[in-house]
1. Just to be sure before I move on: is Tyr77 surrounded by 15 or more Cβ atoms within 10 Å (Cβ to Cβ), in contact with a strand residue (DSSP E or B) (Cβ under 8 Å, 6 or more places away or on another chain), aromatic (Phe, Trp, Tyr) and within 30 Å of Glu134 (Cβ to Cβ) in the structure I sent?
2. Restricting attention to segment 206-251, report how many residues are within 21 Å of Ser113 (Cα to Cα), without any contact (Cβ under 8 Å) to a residue 60 or more places away in the chain and crowded, with 17+ Cβ neighbours inside 10 Å.
3. Of the residues Gly102, Gly114, Gly135, which is touching an Asp or Glu at 6+ places or on another chain (Cβ under 8 Å), of a type outside the set (S, T, N, Q) and within 30 Å of Glu186 (Cα to Cα)?
4. With the requirement that a residue be within 20 Å of the chain's Cα centre (by Cα), of a type in the set (D, E, K, R) and away from the ligand (no atom under 16 Å from the Cβ), what does segment 66-103 give you?
5. When you go through (1) within 13 Å of the ligand (Cβ to nearest atom); (2) surrounded by fewer than 18 Cβ atoms within 10 Å (Cβ to Cβ); (3) within 15 Å of Ser73 (Cα to Cα) one by one for Arg167, which number turns out not to apply?
6. Could you look through segment 252-269, keep only residues that are loosely packed, with under 14 Cβ neighbours inside 10 Å and more than 14 Å from the ligand (Cβ to nearest atom), and pick out the one that is nearest to the chain's Cα centre (by Cα)?
7. Looking for something within 16 Å of the ligand (Cβ to nearest atom), out of contact with any Phe, Trp or Tyr (no Cβ under 9 Å at 6 or more places or on another chain) and in contact (Cβ under 8 Å) with a residue 40 or more places away in the chain - is there at least one such residue anywhere in segment 47-62?
8. Could you give me the residue pairs with C-beta distances under 9 Å whose first residue belongs to segment 126-154 and is closer than 21 Å to Glu241 by Cα and free of Cβ contacts under 8 Å to residues at least 24 places away in the same chain, whose second residue is assigned to a strand (DSSP E or B) and among the charged types (D, E, K, R) wherever it lies, and which are 6+ apart or on separate chains?
Amino acid sequence: MPGNQVKELIKQGRMTLQFTDFGIDEPSDQQLKLPQPPLVKEKMTFQQIDLPYNFGDLKMETDILKIINNRVSHRVYTEEDMSLLELSYLLWSTQGIKSIRGKNYATLRTVPSGGARHEFETYFIVKKVAQLREGTYHYLPLTHQIEFLREISDLDEKIGRALSGQRWAEAANVIFFWSVVPYRSEWRYSCFAHRIILVDIGHVCQNMYIACEAIGLGTCAIGAFDRHTCDSLFTLDGEDEFTILAAPVGTISAQDKDKEQEFYAFLKTEE
Ligand SMILES: Cc1cc2nc3c(=O)[nH]c(=O)nc-3n(C[C@H](O)[C@H](O)[C@H](O)COP(=O)(O)O)c2cc1C
């Protein structure tokens, strides 16, 4: 792409971040009384798996000061399994629905969201989770269930490609991928939706970090992913729904601290 086009894209990106007032004359689809888009995506298959809710059974750090203080990105994972209850807890902590506002007007979840639009869907690849087979899955937050989508051949190679060659992520137990359905927010906020979406996904991922830290798992946000590969893994159309962020999660060991530091070895030559 030529340099002048890149500069134009940077300008447009800044405009997206700058939108703060609502002084645009064009009414939003909500103001035009167009129907609201569905709060969540429909089931994608015919078979769902119920998730456990007994989060009180998890061994959990509850001191929020410690949790916030200790949170770091983890990129080295052990060989241990993750339990279904742990996976359930992570899904609940990041996108779980606590109640419905009005007559199906909005979902209220474990994370905040501008106008409670909650524009995201959660997909994940299971590698090592007790009771689950390897493959791709979709979370159904209204019923706190998951659905198995499909097996993937050459899974590690596909994970590497999806995450732009960050092959360390192959050792994770689960790799989460959040997609965005922009119209859920555009319906209400029109061209101001996109800044809000970016803020909202940060909340989701931060809850993932916090929830992992609380139960002794490790995660790392991944912004450097190959969107087309990720979209095709979960059959997303890439227009009305597409991948916005990823996060591998794995079991961790304090003994791997040095290995974690190797990811920052480049700093030695930078100084
Ligand atoms: C939006 C976002 C995208 C990120 N993308 C990547 C990534 O693609 N690969 C990676 O190794 N780390 C990624 N990180 C992790 C950051 O490198 C990490 O948060 C930062 O170095 C600070 O370290 P800490 O999280 O341990 O405090 C990302 C973090 C965020 C919030």
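The numbers here are math on the coordinates, done by the rules we state, and not lab data. Every value quoted in this text rests on a predicted model; they were computed, and no experiment measured them. Cβ sites come from the backbone with ideal geometry, for glycine too, and all protein chains shown count toward neighbours.
1. For Tyr77, the condition - surrounded by 15 or more Cβ atoms within 10 Å (Cβ to Cβ), in contact with a strand residue (DSSP E or B) (Cβ under 8 Å, 6 or more places away or on another chain), aromatic (Phe, Trp, Tyr) and within 30 Å of Glu134 (Cβ to Cβ) - is met.
2. Summing the residues that are within 21 Å of Ser113 (Cα to Cα), without any contact (Cβ under 8 Å) to a residue 60 or more places away in the chain and crowded, with 17+ Cβ neighbours inside 10 Å in segment 206-251 gives 1.
3. None of the other options fit; the residue is Gly114.
4. Matches in segment 66-103: Glu86, Lys98.
5. (3)
6. Per the criteria, the residue is Ala254.
7. Taking every residue of segment 47-62 in turn, none turns out to be within 16 Å of the ligand (Cβ to nearest atom), out of contact with any Phe, Trp or Tyr (no Cβ under 9 Å at 6 or more places or on another chain) and in contact (Cβ under 8 Å) with a residue 40 or more places away in the chain.
8. If the second residue must be assigned to a strand (DSSP E or B) and among the charged types (D, E, K, R), the pairs left are Gly135/Arg150; Tyr137/Glu147.
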